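For reference, the structure is listed below as structure tokens.
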Amino acid sequence: MTRIRFRFPAVALTALLAGSLLPACSRPSPEHLFFSEVKTVDKLVLARMSISKMATVDDLRLDEARGLRQTVEALGDAVKIGSRKAAYSYDTYMRAYIDMSAFTEDDVVVDEAARTITLHLPPVVAELEGRDAQVREDHYRVTGLRSAVDAPERAEIKEKMNAELRREVEGSPVFRRQLVERAQEKARAYFTSLLASGGYDVRVEFDR
């Protein structure tokens, strides 16, 4: 089972004063002012996603066994007294950011006559950021003569969950697409709010 949660971090930019975007003979141009501010940021992280993966430990039924080894294990489980059921989960994390080192002054286009500012931003990059150090035990019930789920078995469960999750993320574009789309929405809202206070219509475009 896979669950997805989004988080939107505060954008790490120094806010511009609204008046600093108004043209004046004694002030730098709006595009130069804005460019100077955003170039102080390296990676502008716009959104994060946490993906929860769950796995269960249960007795292997005889009709589910494949091969001699699993058949022997299923027969052994069937004659043991008690039951063995557990559920574990852990989170892995993705983030979406813009590499502002690729941003140049030519990417800020100001049309004073139309009162518009067009930003050509670098593409949003989505990447895996890390994972929980330990799995969470969501359910545990071992009764009778059944053996406990020990640390090596939990570690093996986690590695299997991690491998499966990586296959899901790398084999399907849906996770990255959702994260990139939300990061783009965040960027448009932020830069529009930042620059529109000077009376400009803000247009945000992303390179591909």
What are the residues in the range 109-163 that are among the aliphatic types (A, V, I, L, M), in contact with a Ser or Thr (Cβ under 8 Å, 6 or more places away or on another chain) and either within 30 Å of L194 (Cα to Cα) or exposed (fewer than 13 other Cβ atoms within 10 Å of the Cβ) (or both), if any?
V109, V110, L128
Tell me which of these R166 doesn't satisfy, since it passes every other one: (1) surrounded by 12 or more Cβ atoms within 10 Å (Cβ to Cβ); (2) in contact (Cβ under 8 Å) with a residue 40 or more places away in the chain; (3) within 20 Å of the chain's Cα centre (by Cα); (4) more than 30 Å from S193 (Cα to Cα).
(2)
Just to be sure before I move on: is A196 farther than 30 Å from D91 by Cα and over 19 Å from the mean Cα position of the chain (by Cα) in the structure I sent?
yes
Select from the range 169-196 the residues that are touching a residue at least 24 places away in the same chain (Cβ under 8 Å) and open to solvent by 70 Å² or more (accessible area, probe 1.4 Å) and write down the one among them that is nearest to A126 (Cα to Cα).
R176
For E156, state whether it is without any contact (Cβ under 8 Å) to a residue 12 or more places away in the chain and within 17 Å of M49 (Cα to Cα).
no
Determine which single condition A86 fails, assuming it passes every other condition in (1) open to solvent by 30 Å² or more (accessible area, probe 1.4 Å); (2) part of a strand (DSSP E or B).
(1)
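The values are calculated or read from the model by the stated rules, or taken from the named source; none is laboratory data. Since we're looking at a predicted model, the values are computed, not measured. For neighbour counting, all protein chains shown are included, and Cβ atoms are generated from backbone atoms with ideal geometry for every residue, glycine included. The protein model used for the area step is the full one, side chains on, heavy atoms only, and it has no ligands, DNA or RNA in it. Shrake-Rupley method; radii C 1.70, N 1.55, O 1.52, S 1.80 Å.
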